[in-house]
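J.: Sharing a structure with you now.
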Amino acid sequence: MFNSIESSRITPPLETLRRRARSVLFRGFVPSILVLAPPVLAQTTEIASVSTTGVPGNNQSYTPAISADSRYTAFASLAHTLVSGDTNGLFDVFVQDRVGGATTRVSVGTGNVQGNGESVGPSISGDGRWIVFGSAASNLVANDTNATGDLFLHDRQLGATSRIPPFQGNGPSGPGTPGQSISADGRYVVFLSAATNLVANDTNGVADTFLYDRTTGVTTRVSVGTGGVQANSQSSRAVISADGRYIAFETVATNLVAGDTNNTADVFVHDRVAATTTRVSFATGGVQAVMSCNSPSISSDGRYVAFVSAASNLVAGDTNGRVDVFVHDRTTATTTRASVASDGAQGTNDVGAYVSISGDGRFVVFDSPSTNLVIGDTNGTNDVFIRDRVTGLTSRASVTYAGAQANQASWAGPITTNGRYIAFYSFATNLVPTDINGVIDSFVRDVGVLDTGVFFCSGDGGGAPCPCGNTGMYGRGCANSSFPMGARLAGTGTPRVAADTVTLSVLGLTGATCIFLQSDAQQAPVALDDGLSCLAGAVIRLGTKGVLSNQSSFPQGGDPDVSVRGALPVAGGTRFYQCFYRNSAAFCTPSTSNRTNGFAIPWSP
């Protein structure tokens, strides 16, 4: 969820990043595609690690956190060009206002004094007011003499920075320790520490998970068993639910619940109201995992917990021998796998060590170098994916402003409560037009209304050339007489044969009608009239629909569902779609027709 960023992900060395292995357009870049973009289909990618004037930072920026409404993005950066007066040459924490455009440095002392040590690991409250971060700086607050890393809270409204009071004693394990997380209202802060003086009777000699209540000033230890028994081994990677009631954490302790005999890391949830602790990293039916379970993320109400594991016994059919993402439903005591393709195929590679679940538990974000999770994944590098647990669709989030795949590695960040916005960071240089700094940047993807499938056979020249040099854009067909970017076909809704709500929509059309076609196979693009033919096998004409305001859709009132008209079998299967339409004879003489891009939909039963 949006406020669950752990500071272990901010460690600068690249091996850490490798191990963890939207389109409004970027501000200031306004191509003619804007003419074509209706709100319902708009998806955008924008860069977040920029100065107030919109210029990307001159050094790496990563591990973003994002507010509930997506307005504010916090991130750690080594860049010194994001704000004026940044002369410390160290990692600092910044906040970018995606609406107002202003970028501010928040890892500063009251009065805007810059830190004399590295600051990393931001976690942001729901409204973006409060930022928690770890820092080795000793000059952010008065009397910081413990010579160790501390945890700080910056109030953006008052411009004030304070140290989380418990760290006036032995101090935390350091700002590189994973686990700082703030509740949606900014009241509760969860953190990890090996300090022994934060609560009474802390005698286990290992790092524990603590919660600090900023209203009462009370610190409690939450990595405990029911009844308050302290853990017999260390805890790590803790996150807090939006209301502050539930804390999910990872530990190798064996004494927090009965029957914990697997001798490996598990994921637990502590309920602060009921004072109970339960294990959530087990298979449906209660069988415990045979390998470690790590990196929890928790939904707003604490019902769903996502985590990663290489265990092969959490779900049936897990035979890939890889680290996967799982989601446990605490209400039904069921566990499902999220790191799969839309057709259910399991990933061919490990997922990274970070996962984020939306506030309602519907969407799960993760990263992986697997090439089979979406159609057309040919970049050979780590990508960020989003799994819709309601529709069963998996799509790629680390794509360019135009929807093309990234040209370098990307890593997952948090997803907003409603599942629409995803923060991530990437080496890619093609995600927005002005990214020319050649370093890791932080981005925000607006997935809009999630498509039900994926594009193929674009008229962008990536496959066969368009017939008369009328190159279109990625995810669209070849250019036509009115729209130089080409016409775009996409689908929304639920592609389930038994509960079909799919609508095929086209924009950027010319002519009076659009013929919607379906096939059971695709082919390499073949030049035909003004466009490219993409369909093969058994082709079905779904229907001929009128064009209004250069747009058309199927089905419309009185039409059968796509699955019915397309005669899909009960078992489902992937089908391929394209739209044929008329074009001006003077555009690409002597042809009088064109085609959209192809669109593939994986149907489930």
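J.: Once you keep just the Cα pairs under 8 angstrom separated by 6 or more residues, what percentage relative contact order results for region 455-603?
T.: After rounding, I find 29 percent.
J.: Apply the Karplus curve 6.51 cos²θ - 1.76 cosθ + 1.60, θ = phi - 60°, to the phi angles in region 109-115 and return the couplings in whole Hz, x for Gly and Pro.
T.: Values, residue by residue: x, 4, x, 6, 6, 6, x Hz.
J.: Determine the equivalent ellipsoid of the chain by diagonalising the alpha-carbon gyration tensor, then write out the semi-axes as square roots of 5 times the eigenvalues, largest first, rounded to whole Å.
T.: Result for the chain: semi-axes of 46, 28, 18 Å.
J.: Order the peptides 230-237, 440-447 from the highest to the lowest mean number of other Cβ atoms within 10 Å of their residues.
T.: Highest mean packing first, the order is 440-447, 230-237.
J.: Along the charge dipole of the chain, which of LEU507, ALA586, THR348 sits closest to the positive end, that is, farthest toward it, with unit charges on the beta carbon of Lys, Arg, Asp and Glu (+1, +1, -1, -1)?
T.: The one lying farthest along the dipole's positive direction is ALA586.
J.: Right, something else. Please give the Cα centre distance for region 532-573 versus region 80-144, rounded to the nearest Å.
T.: Going from one Cα centre to the other spans 53 Å.
J.: Just the Kirkwood number for region 455-603, please: inverse of mean 1/r across all distinct Cα pairs, in Å, one decimal.
T.: 15.0 Å
J.: Along region 464-476, what does the Karplus equation 6.51 cos²θ - 1.76 cosθ + 1.60 (θ = phi - 60°) give for ³J(HN,Hα), rounded to whole Hz, x for Gly and Pro?
T.: The phi angles translate into 6, x, 5, x, 10, x, 8, 4, x, 10, 4, x, 9 Hz.
J.: Another question, if that's okay. Along each of its three principal axes, how wide is the spread of alpha-carbon positions in region 548-599, in whole angstrom units, largest first?
T.: Principal extents (largest minus smallest coordinate, Cα): 45, 24, 13 Å.
J.: Shape call for region 399-513 from the C-alpha gyration tensor, a ≥ b ≥ c root eigenvalues: rounded (a/c under 1.5), prolate (a/b greater than b/c) or oblate?
T.: oblate
J.: Let me know the shape class of region 173-260, please: from the alpha-carbon gyration tensor, a ≥ b ≥ c as square roots of the eigenvalues, rounded when a/c is under 1.5, otherwise prolate if a/b is greater than b/c, or oblate.
T.: In terms of gyration-tensor shape, prolate.
J.: May I ask for the Kirkwood hydrodynamic radius of region 353-409, worked out over all distinct Cα pairs and given in angstroms to one decimal?
T.: 11.8 Å
J.: Let me ask something additional. What ranking do 98-109, 394-405 get when scored by the average of other Cβ atoms within 10 Å per residue, highest first?
T.: With the highest mean Cβ count within 10 Å placed first, the list reads 394-405, 98-109.
J.: Calculate for the chain the 222 nm mean residue ellipticity that helices alone would give, adding -39,500 (n - 2.57) per DSSP H run of length 4 or more and normalising by residue count, nearest 500 deg cm²/dmol.
T.: That calculation yields -500 deg cm²/dmol at 222 nm.
No lab work stands behind these numbers, since they all come straight from the coordinates. Please read all numbers here as calculations on a predicted model, not as lab measurements. We place every Cβ from the backbone using ideal geometry, glycine too, and count neighbours over all the protein chains shown.
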